[in-house]
Amino acid sequence: MAGEYGSDDGVIATNDDATSCKACAVSLGYWKDPYLACFLPSGPDRRPPEINRGFYCRTQAIYLLVQKFIQVNKGECQVVNLGAGFDTMFWRLKSSGDTPVRFVELDFPEVTAKKTHYIQRSKPLLQAISHDDYDVKLNRSNLHAFKYKLMGADLRVLPEVEAKLEESDIDYSLPTVFVAECVLVYMCTTKSSELLKWIAKKFKSAFFINYEMVNLGDRFGEVMLSNLRSRHCDLHGAAACATLLSQQERFVSEGWAGAEAADMMSVWERLPRSDVARVIKLEMLDENELLTQLFTHYCITMAWTDTRWTDITL
Ligand SMILES: C[S@@+](CC[C@H](N)C(=O)[O-])C[C@H]1O[C@@H](n2cnc3c(N)ncnc32)[C@H](O)[C@@H]1O
């Protein structure tokens, strides 16, 4: 697709890569996700152990944080997944009994159209979003179910984001957790800042979980950047990923009350120990250097507009 911002094909393709990586880790037993295979009929490609551990760490951490937010609010809250791709969090939360009032996913219409297609074809996916008193309404790239809403929108275009959230019956007064898993980095910082500022202003009580790169200025970071560029995927938002401090400041400077960023090394150390002990036995690592490099070049930033959410940590 070539629009006002040039072609987004490279960025859209990152979803196929993320889905295939997650599916590989799931197939090896890193975590349970019976839904992901519905979005990847061809099955996953094998990935190196470091990549599998990296995906385990990111997926578990984000899931645990969202689950805590829902539990603290006794379900009286909303989840908005920005650039959700083929993520299956709604279905995993539903099967553990932790559903919010509303779960909205936004991505480019090209991606949501494909996701809509896969959902329509899959009995387990459809069953989980269905409700006796609510017909699932869908068109090519949007799907409205009882709690689950999938909407096509370009996150760089605020009026589009706002219109799609309103079409999803969003309630600006309910506590809302936003998730962006490897998404903001593909937008220029002017656009991601506008989005963060708008959320802080519009929602009465917001919490944000942002997963993406950090420490991009060193040699390893430069290699990551050039690898992505060679796949026609520029990281227009790389400036915000310079350090943990810059990741925090992007929120605070746009009106968020506070933010805390941690690299994936320290996130890994905070994950439930018994599960980590299980996972490290799944595949041997020849040495730890590559994993350490990966873990120190990705981070999770949590930001809040409401100090009630400062207790939501790993
Ligand atoms: C690396 S994938 C991650 C997908 C999912 N969050 C995950 O972690 O599995 C990045 C996703 O962000 C989406 N994305 C990036 N920029 C976007 C934009 N401006 N508007 C809507 N979606 C965007 C892409 O289409 C893609 O699905």
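Quick notes on this one:
- Beta carbons closer than 6 Å, at least 6 apart along the sequence or on distinct chains, pair a first residue in the stretch 225-241 that is at positive phi with a second that is in a helix (DSSP H, G or I) for His232/Gly10.
- Only a single criterion out of (1) among the β-branched types (Val, Ile, Thr); (2) farther than 23 Å from Thr310 by Cα; (3) open to solvent by less than 30 Å² (accessible area, probe 1.4 Å); (4) touching a Leu at 6+ places or on another chain (Cβ under 9 Å) is not satisfied by Ile51, namely (3).
- Of all residues in the stretch 12-44, those being closer than 19 Å to Thr116 by Cβ, within 13 Å of the ligand (Cβ to nearest atom) and out of contact with any strand residue (DSSP E or B) (no Cβ under 9 Å at 6 or more places or on another chain) number 7.
- So Glu50, is it acidic (Asp, Glu) and in a helix (DSSP H, G or I): yes
- Cβ pairs under 7 Å, 6+ apart, first in the stretch 16-37 and charged (D, E, K, R), second in a helix (DSSP H, G or I) and away from the ligand (no atom under 11 Å from the Cβ): Asp33/Val26; Asp33/Arg92
- Residue list for the stretch 134-166, restricted to those being within 14 Å of Val80 (Cα to Cα), within 14 Å of the ligand (Cβ to nearest atom) and assigned to a loop (DSSP other than H, G, I, E, B): Ala153, Leu155
- Number of positions in the stretch 259-314 that are open to solvent by 70 Å² or more (accessible area, probe 1.4 Å), free of Cβ contacts under 8 Å to residues at least 24 places away in the same chain and part of a helix (DSSP H, G or I): 5
- Considering the stretch 118-147, and only residues there that are free of Cβ contacts under 8 Å to residues at least 60 places away in the same chain and open to solvent by 90 Å² or more (accessible area, probe 1.4 Å), the residue that is farthest from Leu93 (Cα to Cα) turns out to be Arg140.
- Hey, Glu222 more than 16 Å from the ligand (Cβ to nearest atom) and at pLDDT below 95 or not: yes
- Asp171 vs. criteria touching a Leu at 6+ places or on another chain (Cβ under 9 Å), open to solvent by 20 Å² or more (accessible area, probe 1.4 Å) and charged (D, E, K, R): no
- Of all the residues in the stretch 231-258, those that are open to solvent by 30 Å² or more (accessible area, probe 1.4 Å) and either within 22 Å of Phe55 (Cα to Cα) or outside any helix (DSSP H, G or I) (or both) number 11.
- Screening Asp87 with (1) open to solvent by 30 Å² or more (accessible area, probe 1.4 Å); (2) within 14 Å of the ligand (Cβ to nearest atom); (3) not in a helix (DSSP H, G or I) gives one miss only, at (1).
- Taking the listed residues Asn73, Asn52, the one that is in contact (Cβ under 8 Å) with a residue 12 or more places away in the chain, polar (S, T, N, Q) and touching a Pro at 6+ places or on another chain (Cβ under 6 Å) is Asn73, with no other qualifying.
- When Glu194, Glu212 are checked against the criterion of being of a type in the set (Asp, Glu), in contact (Cβ under 8 Å) with a residue 12 or more places away in the chain and surrounded by 19 or more Cβ atoms within 10 Å (Cβ to Cβ), a single residue qualifies: Glu212.
The values are calculated or read from the model by the stated rules, or taken from the named source; none is laboratory data. Predicted, not measured: the structure shown is a model, and the values here were computed from it. Every residue, glycine among them, receives a Cβ derived from its backbone with ideal geometry; neighbour counts consider all protein chains shown. For the accessible areas, the whole protein counts, side chains as well, though only heavy atoms, and no ligand, DNA or RNA atoms are used. Shrake-Rupley method; radii C 1.70, N 1.55, O 1.52, S 1.80 Å.
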